[in-house]
Amino acid sequence: MKQLQRMFLTGVLVSFMSVTSQAASFEKYFTKLIKFEGKGYGINQEIWGKRNFTKAEAFKIHRKYYWNKYHGNLFKSQEVAEALIDQIINAGEGRNSVNIRAFEAIIGVEQDGKLSKEDVQVANSFVQCEYIVNPYVNYRLHFYGSRKNAKKYPGWMIRARAFGIFDEDKNMLADFLILPDILIGKSPEEELEEPTDELASKVD
């Protein structure tokens, strides 16, 4: 009986490890995030209080209010989770949740601007993650390239491109752009908000 219990518990543990090993990890992303955010760790003091935040505090804030809120751990692909959530951390959802609608347009679901667990499941069904990641990176480049201050803050474009997937010759795979319906037939300025001074300072 004890042997059967041990076998059962071992099977459960193996299954759990198999599932978790396929999930995107905030811990992996956080290392990249703080490199881009720099000294302030990307914490908006207008929201969280005008004081210096520790790295540990920044970790908890970004994980709870961004990674967990947008189902980061449910993504199978680390690259997909990072490309999307980094945009939201860096620029917010955007006016009319355009940054989420852009992601939904790429994965082919209803563009309601509300990232659901079902949306994540659709994203997880893609065999090659570059068909989500790179079109979204191109959207991010479009987003920042349409800003009036784009030339003044080249860090915006550098950060966005850092999440792309490239071949050994540094050519971007699945290199195409898909815009959400809300942007089709409109100039970018009609739906894309200008980054704030806070954003500009932390991505420059």
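The values are calculated or read from the model by the stated rules, or taken from the named source; none is laboratory data. All values derive from a computational prediction rather than experimental measurement. So basically every Cβ, Gly included, is an ideal-geometry build from the backbone, and we count neighbours across all protein chains shown.
Before moving on, here are some points about what is shown:
- None of E118, E198, E190 is part of a helix (DSSP H, G or I), modelled with pLDDT of 95 or more and surrounded by fewer than 16 Cβ atoms within 10 Å (Cβ to Cβ) except E118.
- Unmet criterion (only one of (1) part of a helix (DSSP H, G or I); (2) surrounded by fewer than 19 Cβ atoms within 10 Å (Cβ to Cβ)) for D112: (1)
- Of residues in the stretch 9-47 being modelled with pLDDT of 85 or more and over 17 Å from N90 (Cα atoms), the one surrounded by the fewest Cβ atoms within 10 Å (Cβ to Cβ): E27
- For the stretch 53-84, the candidate set comprises residues that are within 27 Å of M157 (Cβ to Cβ) and acidic (D, E); within that set, the residue that is surrounded by the fewest Cβ atoms within 10 Å (Cβ to Cβ) is E79.
- Residue in the stretch 110-131 that is closer than 22 Å to W67 by Cα, among the acidic types (D, E) and out of contact with any helix residue (DSSP H, G or I) (no Cβ under 9 Å at 6 or more places or on another chain) present: yes
- Lone unmet requirement of (1) at pLDDT 95 or above; (2) under 26 Å from K35 (Cα atoms); (3) surrounded by 15 or more Cβ atoms within 10 Å (Cβ to Cβ); (4) not aromatic (F, W, Y) for L179: (2)
- In the stretch 127-147, of all residues being free of Cβ contacts under 8 Å to residues at least 24 places away in the same chain and over 17 Å from I88 (Cβ atoms), the one that is surrounded by the most Cβ atoms within 10 Å (Cβ to Cβ) corresponds to G145.
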